[in-house]
Amino acid sequence: MTISGRHSGLAVASGAFVTLVFVVAAVIAVAASPALATERRPTLDELEREVMCPTCQTPLELSDAPIAERIRVFIRARIRAGDTKSEIKEELVSNFGEGILAAPRTRGFGLLAWIVPLAGLLGFGAVIGVVAWRWTRAAELSRAGARPPDGGRHVFDPAVERRLDEELARFDA
């Protein structure tokens, strides 16, 4: 087996990883610029999707509760006053608590809600990569005619092998 054949699975996995990193970086770059613009000039529509109704526990855009209408009036007034999205959210959190936000914060304990799923996905991807690499390596070894060190035959304890032979003989009779 050549060195290039031995490491071809690793090269494919490395190439896939590099491609994945570039795709994720591109998505982050594309998503970041509009996010910065909406931070300075938020709209009622986008804040309604990011704020929950304290009465019915649904996004504000879906709620018809009286408190939801009062929150909308507050948001409109803060937008007209020139507040940023984070300033408006901070004021809502100070009045209603963290439960008013539709998504957990990206600091403190709320950060775990973002990190754990991402770590799980990365771990799952790593497991799939290792399994795929071992699978292709086993296929390469079988094509090359390589055998495991014991010649492909499992070596049993002589007592276990004798007992197995006796049991099989009983079924053959």
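Taken together, the values in this text are just the output of simple stated rules run on the coordinates, not laboratory data. Since the structure is predicted, the reported quantities are computational estimates derived from the model, not experimental observations. All Cβ positions, glycine included, derive from the backbone under ideal geometry; neighbour counts span all protein chains shown.
A compact table of results
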item	result
Under 5 Å, built H, 5+ apart or other chain: amide partners of Ala102	Val51, Met52
Efficiency of FRET from Cβ geometry, Phe17 and Glu87, R₀ 45 Å, rounded to 0.05	0.70
